[in-house]
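To keep things clear, I will list the structure first and then write my remarks on it.
The values are calculated or read from the model by the stated rules, or taken from the named source; none is laboratory data. Since the structure is predicted, the reported quantities are computational estimates derived from the model, not experimental observations. As a convention, Cβ positions derive from the backbone with ideal geometry for all residues, glycine included, and neighbour counts pool all protein chains shown. For the accessible areas, the whole protein counts, side chains as well, though only heavy atoms, and no ligand, DNA or RNA atoms are used. Shrake-Rupley method; radii C 1.70, N 1.55, O 1.52, S 1.80 Å.
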Amino acid sequence: MKTKLKSTNRKMSSAARTSVWFTICNFLQRGTAFLTVPIFTRLLTSEEYGVCNVYFAWFEIFLLFTSLKIPYEGFNNGLIRNEEDKDGYTSSMLGLIMILTCISAALYVLFHRPINRLTGLSSLLMALMFVQLFFHSPLMLWTNRERFDFRYRYPVIVTMISTILNPLIAVIAVLNTAYRAEARIIASVLVQAFFGLIFMVVLFRRGKTFYKKDYWKFALEFNLPLFFYYVSQSVLNQSDRIMINYYEGSGKAAIYSVAYSAATIMQLLVSAINGSFHPWLYKKLKAEQYGEIRNTMGVLCLLIGAATLSMSAFAPDLVKIMATREYYEAIWIIPPVASSVFFVFLYMLFASVEMYFNENRGIMAISILCSAANVILNAVYIPRYGYLAAGWTTLVCYLLLSWLHFLLMKRACRKNQVREAVFPVKLLLLSAVVVILLTFVSLAMYRMNSLRYVILALEAVLLFAFRRQLLGVIKKIK
């Protein structure tokens, strides 16, 4: 087996090998985050666990202001444009992000009281956040720079070490202090700062450039027009926990976070499928092989739909594994959140077709609209019906997002004279209706354990019956 794996690894192109190893790293990070949930829900009170999750939710939003997502979006484009000075371009981007972070920190110092009230976080936690923000980007820039040149060994090693160190140091810190929420956050900051400082030195030694007008101008011109799109995406992903914390406190935000963590399993599956399916989809779009796309989509819908049902039906058992009894209400949130991931899968497929036909402006408008809808629905229904409403507002918004992307995809296809249906519309509609119905059915089954297990067994039989089709599709899109 070991010899076969080595042989397969050698036969791959450097690009394919890099892609595989970075996918493994992504799985390792997300999988570790999921596996540590049962540890921290038992070491921390629900209020402390909620504070930690609210901190990390706000971190993702503040990261947009301090980095403009420069290490991610447009970075490869900049490296290609400046191929003769890739190291200089990379270190210059780090210089720009450091300036943006310092400006953001200065603004926080000036307006710290209203910002603290808005975030619900103390000045200590906000100070820790800016330290983490400062050291986050060097690691990301270095990792993506290595990926650009198809160098994966050191990034894989660093990812593995940081993924192990983060929870390990956090557990030791939490067990040795009464300030457990702060200890959990400080552990994450220390690991980030350790690697960030190392790669800050590495990037500046390689590039020897802090500021170059043309590099900064290109990055700002590329990323600033997309700023509201980034914000809308982050709001759609993070606003539930933030608004629950604002209206109902960190304890309820913690319960919601456990349900959201459970959906990580679904997200891992969707990410794995999308990572292989999207390149395959682009090839088939270019070859105009729409029939093959429709057939493949039918099988993938069955797989994702079955995973959604499993997640919803298994929610009571999953919560018992992941957390203590005080988190048990999370079972009522998992079905709508799991169903939301199904619609994430759909909208990402539609968006891939839109991006293939360069419909980027429409994508931005849809994201902003749906994030605004999410905030409004949360503001209306969380105070009225409690934090459980956030799961349903999330489902409604992702349903809206997938529908709007479907309409935009249809428009893009008409403009580019695609006369066939790219995806099986009736099957997708039927799948969406079945998923929503099963979401409600799952909730009704939570007091009937035997029925839940019978349904899961029937689902396993169904998947076994279609195993050849599933394996055929997986081999096809690899």
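Applying the criterion of being in a helix (DSSP H, G or I) and basic (Lys, Arg) to the residues of the stretch 204-245, the residue that is modelled with the lowest pLDDT is Arg241.
Got at least one residue in the stretch 166-188 being within 24 Å of Ser91 (Cα to Cα) and touching a Ser or Thr at 6+ places or on another chain (Cβ under 9 Å)? No, because not a single residue in the stretch 166-188 is within 24 Å of Ser91 (Cα to Cα) and touching a Ser or Thr at 6+ places or on another chain (Cβ under 9 Å). Once the stretch 201-233 is narrowed to residues that are open to solvent by less than 20 Å² (accessible area, probe 1.4 Å) and not aromatic (Phe, Trp, Tyr), the residue that is farthest from Asn374 (Cα to Cα) is Gly207.
To keep it simple, each residue is scored yes or no on (1) under 15 Å from Ala57 (Cβ atoms); (2) of a type in the set (Ser, Thr, Tyr); (3) out of contact with any Lys or Arg (no Cβ under 7 Å at 6 or more places or on another chain).
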{"position": "Asn223", "(1), (2), (3)": "no, no, no"}
{"position": "Tyr229", "(1), (2), (3)": "no, yes, yes"}
{"position": "Ser234", "(1), (2), (3)": "yes, yes, yes"}
{"position": "Arg241", "(1), (2), (3)": "yes, no, yes"}
{"position": "Gly249", "(1), (2), (3)": "yes, no, yes"}
{"position": "Tyr256", "(1), (2), (3)": "yes, yes, no"}
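So that you can scan it fast, the table gives a plain yes or no per residue for (1) surrounded by fewer than 20 Cβ atoms within 10 Å (Cβ to Cβ); (2) at pLDDT 85 or above:
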{"residue": "Cys301", "(1), (2)": "no, no"}
{"residue": "Ala307", "(1), (2)": "no, no"}
{"residue": "Ser310", "(1), (2)": "no, no"}
{"residue": "Val319", "(1), (2)": "no, yes"}
{"residue": "Glu326", "(1), (2)": "yes, yes"}
{"residue": "Ala330", "(1), (2)": "no, yes"}
{"residue": "Ile334", "(1), (2)": "no, yes"}
{"residue": "Phe345", "(1), (2)": "no, yes"}
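The residues of the stretch 373-391 that are in a helix (DSSP H, G or I) and open to solvent by 20 Å² or more (accessible area, probe 1.4 Å), listed by number, are Ala373, Val375, Ile376, Leu377, Ala379, Val380, Tyr381, Pro383, Arg384, Tyr385.
Counting the residues of the stretch 279-310 that are more than 27 Å from Leu438 (Cβ to Cβ) and not polar (S, T, N, Q) gives 12.
Determine if the stretch 354-372 includes at least one residue that is closer than 30 Å to Lys320 by Cβ, open to solvent by less than 10 Å² (accessible area, probe 1.4 Å), out of contact with any Gly (no Cβ under 9 Å at 6 or more places or on another chain) and not polar (S, T, N, Q). Full working, then the answer.
Narrowing the stretch 354-372 to residues closer than 30 Å to Lys320 by Cβ: none.
The answer is no; no qualifying residue exists.
When you scan the stretch 415-438, do you find a residue that is under 29 Å from Tyr327 (Cα atoms), of a type outside the set (Val, Ile, Thr) and without any contact (Cβ under 8 Å) to a residue 40 or more places away in the chain, even just one? Yes: one or more hits.
Taking first residues from the stretch 387-409 that are without any contact (Cβ under 8 Å) to a residue 40 or more places away in the chain and partners that are open to solvent by less than 10 Å² (accessible area, probe 1.4 Å) and part of a helix (DSSP H, G or I), the Cβ contacts under 6 Å between residues at least 6 apart in sequence or on separate chains come to Ala389/Ile382; Leu400/Cys370. Lys69 fulfils the conditions (1) part of a helix (DSSP H, G or I); (2) farther than 14 Å from Pro138 by Cβ except for a single criterion, (1).
When Arg447, Arg452 are checked against the criterion of being open to solvent by 70 Å² or more (accessible area, probe 1.4 Å), of a type in the set (D, E, K, R) and over 26 Å from the mean Cα position of the chain (by Cα), a single residue qualifies: Arg447.
The residue of the stretch 3-38 that is modelled with the lowest pLDDT, among those that are surrounded by 13 or more Cβ atoms within 10 Å (Cβ to Cβ) and among the polar types (S, T, N, Q), is Ser19.
Take the residues of the stretch 78-102 that are of a type in the set (Val, Ile, Thr) and farther than 17 Å from Tyr230 by Cβ: which is surrounded by the fewest Cβ atoms within 10 Å (Cβ to Cβ)? Can you show your working first?
Looking only at the stretch 78-102, we keep the residues that are of a type in the set (Val, Ile, Thr), and these are 80, 90, 97, 99, 101.
Right, trim to farther than 17 Å from Tyr230 by Cβ and you get 80, 90, 99.
Values: Ile80: 11, Thr90: 28, Ile99: 14.
Here the answer is Ile80.
Taking the numbered list (1) out of contact with any Leu (no Cβ under 6 Å at 6 or more places or on another chain); (2) buried (at least 22 other Cβ atoms within 10 Å of the Cβ) in turn, Tyr72 passes all entries but (2). From the list Leu94, Leu121, Leu125, the lone residue that is in a loop (DSSP other than H, G, I, E, B), under 27 Å from the mean Cα position of the chain (by Cα) and among the aliphatic types (A, V, I, L, M) is Leu121.
To keep it simple, each residue is scored yes or no on (1) within 22 Å of Ser188 (Cα to Cα); (2) touching a residue at least 40 places away in the same chain (Cβ under 8 Å); (3) open to solvent by less than 40 Å² (accessible area, probe 1.4 Å); (4) touching a strand residue (DSSP E or B) at 6+ places or on another chain (Cβ under 9 Å).
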{"residue": "Leu64", "(1), (2), (3), (4)": "yes, yes, yes, no"}
{"residue": "Asn76", "(1), (2), (3), (4)": "no, yes, no, no"}
{"residue": "Ser104", "(1), (2), (3), (4)": "yes, yes, yes, no"}
{"residue": "Val109", "(1), (2), (3), (4)": "no, no, no, no"}
{"residue": "Ser123", "(1), (2), (3), (4)": "yes, no, no, no"}
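When each of Leu404, Leu408, Leu369, Leu430 is tested for being part of a helix (DSSP H, G or I) and over 19 Å from Leu226 (Cβ atoms), the lone residue that passes is Leu430. Looking at the stretch 156-175, can you tell me whether even one residue there is farther than 26 Å from Ile70 by Cβ, touching a Lys or Arg at 6+ places or on another chain (Cβ under 8 Å) and open to solvent by 20 Å² or more (accessible area, probe 1.4 Å)? For the stretch 156-175, residues farther than 26 Å from Ile70 by Cβ, touching a Lys or Arg at 6+ places or on another chain (Cβ under 8 Å) and open to solvent by 20 Å² or more (accessible area, probe 1.4 Å): present.
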